[in-house]
Amino acid sequence: MTGFLSGMLITVGINIIAVLGPSILLGFTGMFTFGHAAYEALGAYTSAVLTMRYSVPFPLALLCGCVVAMLCSIPIGVPTLHLTSDYFIVATLGVGEIVALLMENLDKITGGGRGLPGVPLYTNLPITAVLVIACIWVTRNFVNSRHGRNCVAIRENQLAAECIGINAFKHKMIAFMISAFLGGLSGGLMAHYVGLLHPKMFRIVRSEELGIAVILGGAGSVTGSVLAAIVVTLLPELLRDVVSDWRLVVYGLAVIVVIINRPQGLMGYREITLESLRGLWSRLAAGRKRPAAPGAATTGRRS
Amino acid sequence: MLRVENLDVFYGGIHALKGLSLHVDQGEIVTIIGANGAGKSTLLRSISGIVRPKSGSITFEGRRLNTLVPSAIASLGIAHVPEGRRVFAGLSVMENLEMGAFVLNDKKKFKENLDRVFNLFPRLRERAKQRAGTLSGGEQQMLAISRGLMMSPKLLLMDEPSLGLAPVLVTTIFSAIKEINDAGTTILLVEQNAHKALKVANRAYVLETGNLVMEGPASEVAKDPAIQQAYLGRKARKAGAGTGR
């Protein structure tokens, strides 16, 4: 049971890190990505191959995975970041599939469609926990920094942002590279947790999952994304005992219900802070019912 | 101050500006009037670098702007208040103004400018904490102009500031334009409300499908019979007499 619990927590942690990337892109820069799994794949395979074939120590290999993902984001970003919303989505979709197919066809390095078994299992709960906290901290700082502000201005209105002197391309690129770095990190952690890599793990389904988590949590809220990553990871597992085979259907329905009833996501633009939790507690204690409170209360307790 | 020479701009196959030349001198209000699709907005967009001209030159205080990116042009002191307001809807009024001072990097100057725009539009001070998207159209326009002013521009490009506003607000906006100019900011104003624009401006250019068809002091342009008929209409002919004094 403790094995199962810590396994769940590690998975939750990996997904939190993974969601932070699209959260920066979609929530704070206004770029929806459908190919984020590509950076996870790059991080995962880089780290796995380095530890397995070249006996590189785990932390260094993990870092190399992040850096490779980040460096790969540059040639991808240069031609695509000029594209506006819909076109950018399609471009990221293409990139995601290209990377997954590369992993499938670079047989000698990645093991191709047979997968890459025997990745050493270095990922454990303490490492994951520390990295999750560090990543959330970095993301919060980025979002609240001058760069983050500029990204928000670009999200709100790129033309107006450029008119007041913000270099939209530069700031989009910074956001893109940070999100790729985080993607590489989550991929690396995943590789060394699961112990087996297969190109299918990084196809569009994975990218979709991350995008959905950001929208569910509320685009424009870091804590919302974290919360959604937790819910999206745990919900199918919690439903496993209740509805067994139908759990994915129920999960899909749950997503649709949230989107219809709260299109701004669970948190909207707001963040969970100590003050907001205290406020929530006093409201609950006073027994007053606010329309937004019940949802936030249950999910808050779960986290 | 600003000099545009033989500017050619294309959108795909469409020749939007055809060898356009104009200049704006220090301290002036210059207006460009013309119908929809005449190329007025395109001109402002090429000056601020959002649209790349095919040929011709744009120089600002002796510096060529053609090859610069929009952010670099803004940091030279050219603020563009784009058409249709375009405030940062999800940010508060205050945050919008802070973003406007992006190229400034000077706390004292920021305070000064903030006081200046709050004095110009007291309404914004009242709404400082409100989300910009919840402001009325007129207030959003005030905010868009103020955001442009926050970077202490030498030249303010204004694209249709009166678009879609109630008459009383149009008057407010135009008196603000005058006030901004009196405080020393040069203004290039694109307007469809030719009557008001010609009243406030020193000089005027008339643009028709990418060509300049007329230029001169605003009061003379306003008196021109062809212009009266095409842009000022019946209603404005009365007012035209008013400008003649």
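What follows draws every value from the coordinates through simple rules; no lab data is involved. Model, not experiment: these values are computed from the prediction. Heads up, the Cβs are rebuilt from the backbone with ideal geometry, glycines too, and the neighbour counts pull from every protein chain shown.
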Checklist line | Whole-Hz ³J(HN,Hα) from phi, Karplus 6.51 cos²θ - 1.76 cosθ + 1.60, for segment B:73-90, glycine and proline x | finding: 5, 4, 6, 7, x, 10, 9, 10, 9, x, 5, x, 6, 6, 7, 7, 4, x
Notebook entry, point to check: Could you state the per residue volume, in Å³, of the convex hull enclosing the Cα atoms of chain B?
Noted result: 122
Notebook entry, point to check: Could the peptides B:4-12, A:80-88, A:52-60 be put in order, highest first, of the mean number of other beta-carbon atoms found within 10 Å of their residues?
Noted result: B:4-12, A:80-88, A:52-60
Item checked: Neighbour-count ranking [beta-carbon atoms within 10 angstrom, fewest first] of A:Glu162, A:Glu97 -> A:Glu97, A:Glu162
Check: So who's got an amide H within less than 5 Å of the one on B:Met214, skipping anything under 5 residues away but keeping other chains? H placed 1.01 Å off N, in plane.
Finding: B:Val206
Notebook entry, point to check: Too long at a 20 Å Cα-Cα cut-off: which of B:Lys18/B:Lys196; B:Lys178/B:Lys199; B:Lys111/B:Lys178; A:Lys170/B:Lys108?
Noted result: B:Lys18/B:Lys196; B:Lys111/B:Lys178; A:Lys170/B:Lys108
Notebook entry, point to check: P(r) of segment A:138-222 in 10 Å steps, Cα pairs, percent per bin?
Noted result: 15, 38, 31, 14, 3
Checklist line | In Å, descending, principal axis extents of the Cα set of segment A:20-178 | finding: 52, 34, 19
Item checked: Backbone HN-Hα couplings from phi across segment A:191-207 [Karplus 6.51/-1.76/1.60, Hz, Gly and Pro as x] -> 4, 7, 9, 6, x, 9, 10, 9, x, 4, 5, 10, 7, 4, 4, 5, 4
Next item on the list: Please grab the % of Cα pairs in segment A:53-123 that end up more than 14 Å from each other.
Entry: 72
Check: Quick one: if you take sqrt(5λ) for each eigenvalue of the C-alpha gyration tensor of segment A:100-188, what semi-axes come out, biggest first, whole angstrom?
Finding: 35, 20, 7
Check: Let a ≥ b ≥ c be the square roots of the eigenvalues of the Cα gyration tensor of chain A; is it rounded (a/c under 1.5), or, if not, prolate (a/b larger than b/c) or oblate?
Finding: oblate
Check: Which log10 I(q)/I(0) values, to two decimals, does segment A:13-93 give at q = 0.15, 0.23, 0.25 Å⁻¹ under the Debye formula with one point per Cα?
Finding: -0.58, -1.08, -1.19
Check: Kirkwood Rh over Cα pairs of segment B:87-152 into Stokes-Einstein at 4 °C, 1.567 mPa s: D in µm²/s?
Finding: 115
Check: For the residue pair B:Glu61 and B:Val213, what label-to-label distance in nm results when each label sits 7 Å from Cα along the Cα-to-beta-carbon direction?
Finding: 3.6
Notebook entry, point to check: Each label point is 7 Å from the Cα along the Cα-to-Cβ direction; what then is the distance between the points at A:Ala254 and A:Asp107, in nm?
Noted result: 4.2
Note to self: If you split all Cα-Cα distances of segment B:35-153 into 10 Å bins from zero, what percentages do you get per bin, shortest first?
What the structure shows: 14, 40, 32, 14, 1
Next item on the list: Going by C-beta contacts inside 10 Å, put B:Met1, B:Met158 in order with the fewest on the left.
Entry: B:Met1, B:Met158
Next item on the list: Kindly provide log₁₀ I(q)/I(0) values, in the same order as q = 0.07, 0.10 Å⁻¹, from the Debye equation applied to equal alpha-carbon scatterers of the protein assembly as shown.
Entry: -0.51, -0.88
Notebook entry, point to check: What is the Cα coordinate range of segment B:1-90 on the first, second and third principal axes, sorted by size from largest, in whole angstrom?
Noted result: 37, 30, 25
Checklist line | Per-residue ³J(HN,Hα) for segment A:175-184, Karplus 6.51 cos²θ - 1.76 cosθ + 1.60, θ = phi - 60°, Hz, x for Gly and Pro | finding: 4, 4, 5, 4, 5, 5, 4, 5, x, x
Next item on the list: Quick one: divide the alpha-carbon radius of gyration of segment B:110-245 by 2.2 N^0.38 Å and tell me what you get.
Entry: 1.13
Next item on the list: Pull up all non-local amide H partners of A:Leu116: gap of 5 or more, or a different chain, and H-to-H distance under 5 Å with H placed in the peptide plane.
Entry: A:Leu197, A:His198
Margin query: As a footprinting exposure proxy, order B:Phe174, A:Phe176 by other Cβ within 10 Å, with the fewest listed first.
Written below: B:Phe174, A:Phe176
